[in-house]
Amino acid sequence: MRLTELLRADRVVIPLEQHTLPEAVWSLVERLAATGVVDDSESLRSRIAEGRGEDLAVHGDRAFIAHYRTETAQQLGIAVGIAPEPIARGAADGDARDQSARIVVVLLAPPRMAGRYLQALGAF
């Protein structure tokens, strides 16, 4: 499997105009829904809104990778957005880390594709 097989031009958003990480992630999920990866994006909204730490990989000040295995995904899909200005993570109260990045990646996969999901996540 090559990353270029998963990342299509219609799933790349430049510039990513959202100013918060949840807005940016949701924008990319909507792009995946528009290209047939997700059949019911609204049911995924509550999971994304939870902002669970295990659903997000942070690569320093370079990128956020939001990744979800979900029944709403019909296939493995990746969307990437690049913002003109860094997007802040919005760390929990009392957390002194100020994490921000210009690149946001969303990876969605159905549970049955766990192996490919992990391969794609590892590629990033």
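For His59, the accessible surface of its heavy atoms amounts to roughly 80 Å² (probe 1.4 Å, protein chains only, rounded to the nearest 10).
Calculate for the chain the 222 nm mean residue ellipticity that helices alone would give, adding -39,500 (n - 2.57) per DSSP H run of length 4 or more and normalising by residue count, nearest 500 deg cm²/dmol.
Values: 4 runs with 38 residues, N = 124.
Calculated from helices alone, the mean residue ellipticity at 222 nm is -9000 deg cm²/dmol.
Calculate, for Asp10 and Glu50, the FRET efficiency according to 1/(1 + (r/R0)^6) with r their C-beta to C-beta distance and R0 25 Å; round to the nearest 0.05. Walk me through the intermediate numbers first.
Details: r = 28 Å, r/R0 = 1.11.
Approximately 0.35, to the nearest 0.05.
How much length would be gained if the chain were fully extended between Ala88 and Glu71, taking 0.36 nm per residue of separation minus their Cα-Cα distance, in nm to one decimal? List each step's numbers first, then the result.
Values: separation 17, 0.36 × 17 = 6.12 nm, distance 2.86 nm.
Here the answer is 3.3 nm.
Placing a pseudo-label 7 Å from each Cα along the Cα-to-Cβ vector at Thr20 and Leu121 gives an inter-label distance of 2.5 nm.
The values are calculated or read from the model by the stated rules, or taken from the named source; none is laboratory data. Bear in mind that the values here come from a model prediction, so they are computed numbers and not experimental data. All Cβ positions, glycine included, derive from the backbone under ideal geometry; neighbour counts span all protein chains shown. Side chains included, ligands, DNA and RNA excluded: accessible areas come from the protein's heavy atoms. Shrake-Rupley method; radii C 1.70, N 1.55, O 1.52, S 1.80 Å.
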